[in-house]
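Written below as structure tokens is the structure these notes are about.
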Amino acid sequence: MEISFASKRVLVTGAAKGIGRALAKRLASYGAEVVAVSRSKEGLDSLAAEMKNIKTICVDLSDWDATRKAIKSAGAIDCLVNNAAYATPLESFLDAKPESFDMSFAVNVKAVINVSQVVVEGMIQRKKGGSVVNLSSQASQAALPQHTIYCGTKGALDMVSRVMALELGPHNIRVNCVNPTVVMTDMGRVGWADPEKANSMLAKIPLGRFAEVDEVVDAVIYLLSDKASMINGVTLPIDGGFLAT
């Protein structure tokens with residue numbers, strides 16, 4: 001199956017490292033003009049140096065007004081990937097702190113709404129449709145110890161995405177989520193570097209392993225592309241069967 005993003009402009013948040021960086025590079029290799037967004041200038045600079053068809057925007061997505069201004073400066077966008085996320089500190093329910101809640105929801109939910117509003121308004125004005133993929137998690141559908149706030153943000157993101165799909169579908173704008181299991185990026189290691197804890201999770205995954213970055217990227221690419229033209233409002237687990245158990 002050949003997929004091309006030639007003549008497409010794709011905005012990816014959280015693009016300086018991890019899944020976002022791999023995704024930005026893959027999209028660029030498929031002919032897209034990529035707008036990479038992150039608060040890490042160093043990461044963005046090195047990304048732009050690797051791929052000539054990647055433009056960069058450095059902004060802290062937790063800042064509502066600065067984010068709106070920055071995203072508007074990107075110009076017309078055909079596809080959007082809301083990948084940026086805040087790795088909530090591991091806290092039990094009884095230890096969950098208000099500052100953890102505020103930052104987690106500001107980046108994992110509020111920023112998705114903010115960025116998407118700006119991008120989607122342009123899509124509607126141009127009347128050419130578009131595609132949005134939000135990076136959620138298996139944590140939206142399965143309770144994980146010490147992940148009260150993180151699970152809450154991803155559950156909220158799934159439902160926000162469904163409402164987006166409902167309201168934006170008439171404009172030929174598709175909105176979907178991908179919901180990976182643990183992916184051993186820098187953020188993944190925050191919660192799962194401990195072998196004892198990792199083994200307890202692996203025991204619940206029928207395929208017996210965590211996801212690779214490219215396996216998540218593959219799913220996002222497909223959902224963004226015209227090959228998924230009738231897929232709207234889904235939450236796609238990339239979890240090796242974790243949620244089936």
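The values are calculated or read from the model by the stated rules, or taken from the named source; none is laboratory data. As the structure is a prediction and not an experimental result, all values here were calculated from the model. Cβ: placed from backbone, ideal geometry, glycine included. Neighbour counts: every protein chain shown.
Filter segment 119-164 down to the residues that are among the charged types (D, E, K, R) and surrounded by 23 or more Cβ atoms within 10 Å (Cβ to Cβ) and list them by number.
Start the filter on segment 119-164 by keeping residues that are among the charged types (D, E, K, R), which leaves 121, 126-128, 154, 158, 162.
Within segment 119-164, LYS154 is the sole residue that qualifies.
Is it the case that VAL175 is without any contact (Cβ under 8 Å) to a residue 60 or more places away in the chain, closer than 17 Å to ASN83 by Cα and outside any helix (DSSP H, G or I)?
Answer is yes for this residue.
Take the residues in segment 165-195 that are over 25 Å from ARG209 (Cβ atoms) and of a type in the set (A, V, I, L, M, F, W, C); name whichever of them is surrounded by the fewest Cβ atoms within 10 Å (Cβ to Cβ).
LEU166
Does at least one position in segment 89-104 carry a residue that is in contact with a Phe, Trp or Tyr (Cβ under 6 Å, 6 or more places away or on another chain), modelled with pLDDT of 95 or more and on the phi < 0 side of the Ramachandran plot?
yes
Under 6 Å between Cβ atoms, which residue pairs at least 6 apart in sequence (or on different chains) link something in segment 230-245 that is among the acidic types (Asp, Glu) with a partner that is assigned to a loop (DSSP other than H, G, I, E, B) and surrounded by 14 or more Cβ atoms within 10 Å (Cβ to Cβ)?
Every condition considered, the pairs that remain are ASP239/THR181.
Name the single residue that is surrounded by the most Cβ atoms within 10 Å (Cβ to Cβ) among those in segment 196-210 being aliphatic (A, V, I, L, M) and in a loop (DSSP other than H, G, I, E, B).
Going residue by residue through segment 196-210, those that are aliphatic (A, V, I, L, M) are 198, 201-203, 205, 207.
Within this subset, residues satisfying the condition of being in a loop (DSSP other than H, G, I, E, B) are 203, 205, 207.
Values: ALA203: 9, ILE205: 20, LEU207: 12.
Among them, the one singled out is ILE205.
Which one of these is assigned to a loop (DSSP other than H, G, I, E, B) and over 19 Å from GLY20 (Cβ atoms): GLY233, GLY155? Write out each step before concluding.
On the way: GLY155 fails: assigned to a loop (DSSP other than H, G, I, E, B).
Answer to the selection: GLY233.
Please list, ordered by first then second residue, the pairs with beta carbon atoms under 8 Å, 6 or more apart or interchain, first in segment 65-90 and surrounded by 24 or more Cβ atoms within 10 Å (Cβ to Cβ), second at pLDDT below 95.
ALA85/MET187; THR88/HIS147
Please go through segment 107-138 and pick out each residue that is more than 17 Å from VAL81 (Cβ to Cβ), in contact with a Phe, Trp or Tyr (Cβ under 6 Å, 6 or more places away or on another chain) and of a type in the set (A, V, I, L, M, F, W, C).
none
In segment 131-150, which residues are within 15 Å of the chain's Cα centre (by Cα) and assigned to a helix (DSSP H, G or I)?
The answer is GLN138, ALA139, SER140, TYR150.
Go through the residues of segment 29-51 one by one and say whether even a single one is closer than 26 Å to GLU215 by Cα, surrounded by 13 or more Cβ atoms within 10 Å (Cβ to Cβ) and at pLDDT below 95.
Scanning segment 29-51 turns up at least one residue that is closer than 26 Å to GLU215 by Cα, surrounded by 13 or more Cβ atoms within 10 Å (Cβ to Cβ) and at pLDDT below 95.
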